[in-house]
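Worksheet: one structure, shown below.
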Amino acid sequence: LLDWVKYKGNPVLVPPPGIGVKDFRDPTTAWTGPQNGQWLLTIGSKIGKTGIALVYETSNFTSFKLLDGVLHAVPGTGMWECVDFYPVSTKKTNGLDTSYNGPGVKHVLKASLDDNKQDHYAIGTYDLAKNKWTPDNPELDCGIGLRLDYGKYYASKTFYDPKKQRRVLWGWIGETDSESADLQKGWASVQSIPRTVLYDKKTGTHLLQWPVEEIESLRVGDPTVKEVDLQPGSIELLRVDSAAELDIEVSFEVDKVALQGIIEADHVGFSCSTSEGAASRGILGPFGVIVIADQTLSELTPVYFYISKEADGRAETHFCADQTRSSEAPGVGKQVYGSSVPVLDGEKHSMRLLVDHSIVESFAQGGRTV
């Protein structure tokens, strides 16, 4: 579509009474309503510090009516930007059209929180007749529970691809270079690699995000395969043609006897973001992959697992990406990102990394945590 004629009846949507003019944006893809010819869409907003999703109905996409109540609201989460709302199948392994509803279906509500620039989601049940969405677990509600991505990732949206029957997710990666550096290199921030989105039937609480299959067409040459027995503190060098563009898949088999034999608590309440990064060694980690490293290891980016033992003896796995030594340049982000990730019985610790010069996208346990 190259040529446009502006509609004379603009604006077709304006904020309702009590909603600020800046607190009303980013409509979703529409889905069919319960009445013939009716379409529904939701828009993010806020009332005070409560994030909300408003729902409008239309039959022609030029005149809209606000439905009573809200689709959902979560106190304390602030303005909801880029709200996304779509169904996922609990039975099948394909994506669903936005209007799909019925048995074997859950609905995902996702919001980009303007206050902290994080993309959160929750899985729940949508009552089309009552215009209400309810989270499966209130403790994992939208904005206070799971995030789509625990790194620098924001303002994402999905669409349904009917040709391949998949739901595809795009996100924005805001780099942390200075404005002068952006001007020098010729761009500011990048788009993420598109990902497919599926319901995680094993956990019932998470989504699975995975790079679209088209990415594999970028691979050249024969794959490099290496199997190693990692010892504490060891680094195994993997020789590749270019360290700046890589698609890495790796799995780790943890010694179960050693894991069960460790009784004492180690880093109780551990979290990636408050830890000292990959340089801090515990009894059960870190173990992972170092990328974008120079010869002297003065600059490097570790992506790793860390297993902490709680006071009750329960093991919890964390998936972290450490930027603290990624660059010697001043003024760029140097955080440790990450989150806990469920590793179920019989599963190895697995990760896939997409390295593209300034960006490292990391997927743990088949995309359960990213």
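The values are calculated or read from the model by the stated rules, or taken from the named source; none is laboratory data. What you are looking at is a predicted structure, and each value in this text was computed from that prediction instead of being measured. In this analysis, Cβ positions are derived from the backbone assuming ideal geometry, glycine residues included, and neighbour counts consider all displayed protein chains. The accessibility values were calculated without ligands, DNA or RNA, using every heavy atom of the protein model including side chains. Shrake-Rupley method; radii C 1.70, N 1.55, O 1.52, S 1.80 Å.
Quick notes on this one:
- Pick from region 327-352, criterion among the aliphatic types (A, V, I, L, M) and closer than 19 Å to LEU297 by Cα, ranking: farthest from the chain's Cα centre (by Cα): ALA329
- Residues in region 237-268 that are within 20 Å of PHE319 (Cα to Cα) and modelled with pLDDT of 85 or more: LEU246, ASP247, ILE248, GLU249, VAL250, SER251, PHE252, GLU253, VAL254.
- In region 295-304, residue farthest from VAL240 (Cα to Cα) [restricted to those that are out of contact with any Leu (no Cβ under 9 Å at 6 or more places or on another chain) and not polar (S, T, N, Q)]: TYR304
- Where a residue in region 221-237 is under 12 Å from VAL289 (Cα atoms) and its partner, wherever it lies, is open to solvent by 100 Å² or more (accessible area, probe 1.4 Å), with Cβ under 9 Å and at least six apart: GLU236/LYS226
- In region 342-360, the residues that are among the polar types (S, T, N, Q) form Cβ pairs under 6 Å with partners that are part of a strand (DSSP E or B), at six or more places apart or across chains, as follows: SER350/SER251.
- ALA73 open to solvent by 10 Å² or more (accessible area, probe 1.4 Å) and small (Gly, Ala, Ser): yes
- Residue match in region 158-171 (condition: under 18 Å from the mean Cα position of the chain (by Cα) and under 18 Å from ASP356 (Cα atoms)): yes
- Restricting region 100-130 to residues that are of a type in the set (Lys, Arg) and closer than 21 Å to ALA155 by Cα, the residue that is least open to solvent (accessible area, probe 1.4 Å): LYS110
- ILE193 satisfies every condition listed in (1) open to solvent by 40 Å² or more (accessible area, probe 1.4 Å); (2) touching a Ser or Thr at 6+ places or on another chain (Cβ under 8 Å) except (2).
- For ASP97: the one exception among (1) of a type outside the set (A, V, I, L, M); (2) touching a Pro at 6+ places or on another chain (Cβ under 8 Å); (3) open to solvent by less than 30 Å² (accessible area, probe 1.4 Å): (3)
- VAL257 being out of contact with any Ser or Thr (no Cβ under 6 Å at 6 or more places or on another chain) and open to solvent by 90 Å² or more (accessible area, probe 1.4 Å): yes
- Sole residue being among the polar types (S, T, N, Q) and open to solvent by less than 30 Å² (accessible area, probe 1.4 Å), chosen from GLN231, GLN209: GLN209
- Lone qualifier among GLU245, GLU253, GLU276 - being acidic (Asp, Glu) and touching an Asp or Glu at 6+ places or on another chain (Cβ under 7 Å): GLU245
- Scanning region 287-304 for residues that are outside any loop (DSSP other than H, G, I, E, B) and of a type in the set (Asp, Glu) yields a count of 0.
- Yes/no for LEU284 being touching a Phe, Trp or Tyr at 6+ places or on another chain (Cβ under 9 Å) and at pLDDT below 90: yes
- Counting only strands (runs of 3 or more DSSP E) wholly contained in region 4-97, the ones carrying 1 or more residues that are among the polar types (S, T, N, Q) and touching a strand residue (DSSP E or B) at 6+ places or on another chain (Cβ under 9 Å) occupy 39-47, 50-58, 80-89.
- Selection from region 25-55 of residues that are hydrophobic (A, V, I, L, M, F, W, C) and either open to solvent by 30 Å² or more (accessible area, probe 1.4 Å) or not assigned by the TED database to the domain that holds GLY143 (or both): TRP39, ILE47
- Selection over region 47-69 of residues that are within 30 Å of the chain's Cα centre (by Cα) and without any contact (Cβ under 8 Å) to a residue 40 or more places away in the chain gives a count of 7.
- So VAL332, is it crowded, with 18+ Cβ neighbours inside 10 Å and not small (Gly, Ala, Ser): no
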